[in-house]
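Engineer: A single structure is presented below for examination.
The values are calculated or read from the model by the stated rules, or taken from the named source; none is laboratory data. Since the model is a prediction, treat every value here as computed from it, not as a measurement. Virtual Cβ from ideal backbone geometry, glycine too; neighbours counted across all protein chains shown. With ligands, DNA and RNA removed, areas are computed over all heavy atoms of the protein, side chains included. Shrake-Rupley method; radii C 1.70, N 1.55, O 1.52, S 1.80 Å.
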Amino acid sequence: MTDRPETTPQDEAKGQSLWGGRFSAKPAEIMQAINVSIGVDQRLWREDLTGSRAHCRMLADQGIIAAPDAEAILGGLDAIQAEIEAGTFPFRDAYEDIHMNVEARLSELIGEPSGRLHTARSRNDQVATDFRLWTRAACDRTIDQLTGLQRALLARAEAHAGDLMPGFTHLQPAQPVTFGHHLMAYVEMIGRDVGRFTDARARLNENPLGAAALAGSPFPIDRHATAKALGFDGPMRNSLDAVSARDFALEVIAAASICAGHLSRLAEEIVIWMTPQFGFVTLPDDLTTGSSIMPQKRNPDAAELVRAKTGRVMGAFIALSTVMKGLPLAYSKDMQEDKPPVFEAFDALDLAVGAMTAMVAALKPDTARMAEAAGYGFSTATDLADWLVRELNLPFRKAHHVTGAAVKQAEALGVDLAGLPLEELQKLEAGITADVYKVLTPEASCASRQSFGGTAPEQVRARIAEWKERLS
């Protein structure tokens, strides 16, 4: 979307484009095919009209264009918005992009005053402004969606703050935790995602408008006024940077990539938990699918697709990074390829967050099955080692060795640690007493984890209360 001299309406009627004064022939068919972007950037129509209104009012306030011309332009822009909303606006490939489509239609609606709108403006700063406005709104929307997901997780965690499940490392039973504690880990992750989008939004909220093609404008424009009108914190301070920077887009899709990774991890767990081998949770009919050949199937397709959407989001970051990596200052037409990755990333993330929120809200855990599994794999072994340190003053490494031997003996006898006879334990360490059995149940293990951020139900409920306060 480069800036070139414009033609008169009479030239346009002869088949010339809006920038065709320098050219004696129309673009070749292949040039038109590779150059046109209206199919993608028409999504920026609202931002384009918003930026044009702010620019028009500033031009009038500065005495750069006459008030009657400004009134005609603003009226024409309102008419264009009405046409777009009604689905009657004539989007045309002949005009390349959303900016030229709007300008051409404005010329058709109001005539000569339309040509004054582009005073002190280039498509270079225009698209940079539109893109920042769109991305800012996308950040706001995503933050709201992620907050909704956090609330769904909090509600589910609060309902199951004391319900046991196995905690895993290497996907092997490790130590008992509560289902609420497990879900709260994702509340924390999503909270950091919200923070990244919030930070990125703050950095992108500067106004490129008025930088013109690359060097600024000789007209007495007021960039602070347009910044204020568009909700920016202020104008960008270097005109070259203003038209060429796309790090704001890279930053938001980097945040989106990390967020999608978090959603994918939770999706993977839902997929695993729904297998008959685990049987921890179920989802309702309206969030699962069946099989065309196997009538018994209930497939967690929504979770699987959330997992898959991550590839689109992460791919978008790589795509835009590759577009931008070797571009000299200031604008290059390569940057026309900046919008598809960002649009695709947010489209995929929107679906993924919405689907995950619905699944979390509808998830039905089998608390009895999870509690039973919480004791699998000698999951209270660390509690035995800690007891030996705490009650018998053994060095932890010796306690670890004794506990390992206890696990080996229990395995040989076909019992869990709580079922291992006291005399067998005392063969390994003479000082062990019957009090040890108080720590060898999953319930006791969870209850003992009272350190800040631990899985004890009281700690889980305290963290839930903190997050509910933060989100209120």
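Engineer: Exactly one of these conditions fails for residue 248: (1) in a helix (DSSP H, G or I); (2) under 14 Å from residue 51 (Cβ atoms). Give me its number.
Structural biologist: Going through the list (1) in a helix (DSSP H, G or I); (2) under 14 Å from residue 51 (Cβ atoms), residue 248 breaks only (2).
Engineer: Could I ask something else about it? For segment 334-346, name all the residues that are closer than 30 Å to residue 288 by Cβ and buried (at least 21 other Cβ atoms within 10 Å of the Cβ). First the steps, then the outcome.
Structural biologist: Going through segment 334-346, the residues closer than 30 Å to residue 288 by Cβ turn out to be 343-346.
Across segment 334-346, the qualifying residues are 345, 346.
Engineer: Moving on to the next point. Condition (residue is at pLDDT 95 or above and over 26 Å from residue 330 (Cα atoms)) applied to segment 36-48: is it met by at least one residue?
Structural biologist: No, there is no match, as no residue in segment 36-48 is at pLDDT 95 or above and over 26 Å from residue 330 (Cα atoms).
Engineer: Next question. Can you tell me which residue within segment 72-110, out of those that are assigned to a loop (DSSP other than H, G, I, E, B) and of a type outside the set (Phe, Trp, Tyr), is nearest to residue 53 (Cα to Cα)?
Structural biologist: Across segment 72-110, the extreme among qualifying residues is 97.
Engineer: Just for segment 347-395: of the residues that are aromatic (Phe, Trp, Tyr) and open to solvent by 40 Å² or more (accessible area, probe 1.4 Å), which one is nearest to residue 285 (Cα to Cα)?
Structural biologist: Of all residues in segment 347-395, those aromatic (Phe, Trp, Tyr) come to 376, 378, 387.
Filter once more, so that each one left must be open to solvent by 40 Å² or more (accessible area, probe 1.4 Å): 376, 378.
On the way: 376: 30, 378: 36 Å.
It comes out as 376.
Engineer: Out of all the residues in segment 146-191, which are touching a Gly at 6+ places or on another chain (Cβ under 7 Å) and within 30 Å of residue 340 (Cβ to Cβ)?
Structural biologist: 150
Engineer: For the structure I just gave you, tell me whether residue 227 is hydrophobic (A, V, I, L, M, F, W, C) and without any contact (Cβ under 8 Å) to a residue 24 or more places away in the chain.
Structural biologist: yes
Engineer: Could you please find all residues in segment 116-142 being within 17 Å of residue 252 (Cα to Cα) and either of a type outside the set (A, V, I, L, M) or open to solvent by 30 Å² or more (accessible area, probe 1.4 Å) (or both)?
Structural biologist: Listed by number, the residues that qualify are 129, 130, 131, 132, 134, 135, 136, 137, 139, 140, 141, 142.
Engineer: If residue 178 meets every condition in (1) in contact with a helix residue (DSSP H, G or I) (Cβ under 8 Å, 6 or more places away or on another chain); (2) polar (S, T, N, Q); (3) open to solvent by 10 Å² or more (accessible area, probe 1.4 Å) apart from one, which number is that one?
Structural biologist: That leaves (3) as the condition not met.
Engineer: Taking residue 415, is it at pLDDT 95 or above, out of contact with any strand residue (DSSP E or B) (no Cβ under 8 Å at 6 or more places or on another chain) and surrounded by fewer than 17 Cβ atoms within 10 Å (Cβ to Cβ)? It would help to see each step written out before you state the result.
Structural biologist: Numbers: at pLDDT 95 or above: no; out of contact with any strand residue (DSSP E or B) (no Cβ under 8 Å at 6 or more places or on another chain): yes; surrounded by fewer than 17 Cβ atoms within 10 Å (Cβ to Cβ): yes.
When the stated conditions are applied, residue 415 does not pass them.
Engineer: May I ask you to say which residue of 219, 179 is touching a residue at least 12 places away in the same chain (Cβ under 8 Å) and more than 27 Å from the chain's Cα centre (by Cα)? Quick ask: steps written out before the conclusion?
Structural biologist: Values: 179 fails: more than 27 Å from the chain's Cα centre (by Cα).
Only one candidate passes the filter, namely 219.
Engineer: Is it true that some residue in segment 174-185 is aromatic (Phe, Trp, Tyr), in a helix (DSSP H, G or I) and within 30 Å of residue 36 (Cβ to Cβ)?
Structural biologist: no
Engineer: Of all residues in segment 186-211, which are open to solvent by less than 10 Å² (accessible area, probe 1.4 Å) and assigned to a loop (DSSP other than H, G, I, E, B)? Write out each step before concluding.
Structural biologist: Looking only at segment 186-211, we keep the residues that are open to solvent by less than 10 Å² (accessible area, probe 1.4 Å), and these are 187, 190, 193, 197, 200, 204-205, 207-211.
Correct list: 205, 208, 209, 210, 211.
Engineer: Something else about it: State which residue is farthest from residue 79 (Cα to Cα) when the search covers only segment 46-68 and only residues that are assigned to a helix (DSSP H, G or I) and open to solvent by 40 Å² or more (accessible area, probe 1.4 Å).
Structural biologist: Selected residue: 61.
Engineer: For the subset of segment 435-453 comprising residues that are over 17 Å from residue 407 (Cα atoms) and aliphatic (A, V, I, L, M), which member is farthest from the chain's Cα centre (by Cα)?
Structural biologist: Among those that are over 17 Å from residue 407 (Cα atoms) and aliphatic (A, V, I, L, M), it is 444.
Engineer: Return yes or no: is residue 263 open to solvent by less than 20 Å² (accessible area, probe 1.4 Å), touching a residue at least 24 places away in the same chain (Cβ under 8 Å), touching a helix residue (DSSP H, G or I) at 6+ places or on another chain (Cβ under 7 Å) and among the hydrophobic types (A, V, I, L, M, F, W, C)?
Structural biologist: Yes.
Engineer: Of all residues in segment 75-90, which are under 30 Å from the mean Cα position of the chain (by Cα) and within 14 Å of residue 38 (Cα to Cα)?
Structural biologist: 84 - this is the single residue of segment 75-90 that is under 30 Å from the mean Cα position of the chain (by Cα) and within 14 Å of residue 38 (Cα to Cα).
Engineer: Return yes or no: is residue 224 of a type outside the set (S, T, N, Q), over 16 Å from the mean Cα position of the chain (by Cα) and either open to solvent by 40 Å² or more (accessible area, probe 1.4 Å) or on the phi < 0 side of the Ramachandran plot (or both)? Break it down stepwise before answering.
Structural biologist: Values: of a type outside the set (S, T, N, Q): yes; over 16 Å from the mean Cα position of the chain (by Cα): yes; either open to solvent by 40 Å² or more (accessible area, probe 1.4 Å) or on the phi < 0 side of the Ramachandran plot (or both): yes.
For residue 224, the condition - of a type outside the set (S, T, N, Q), over 16 Å from the mean Cα position of the chain (by Cα) and either open to solvent by 40 Å² or more (accessible area, probe 1.4 Å) or on the phi < 0 side of the Ramachandran plot (or both) - is met.
Engineer: Sort out for me the helices (runs of 4 or more DSSP H) sitting completely within segment 418-472 that have 2 or more residues that are open to solvent by less than 70 Å² (accessible area, probe 1.4 Å) and closer than 15 Å to residue 175 by Cα.
Structural biologist: 442-448
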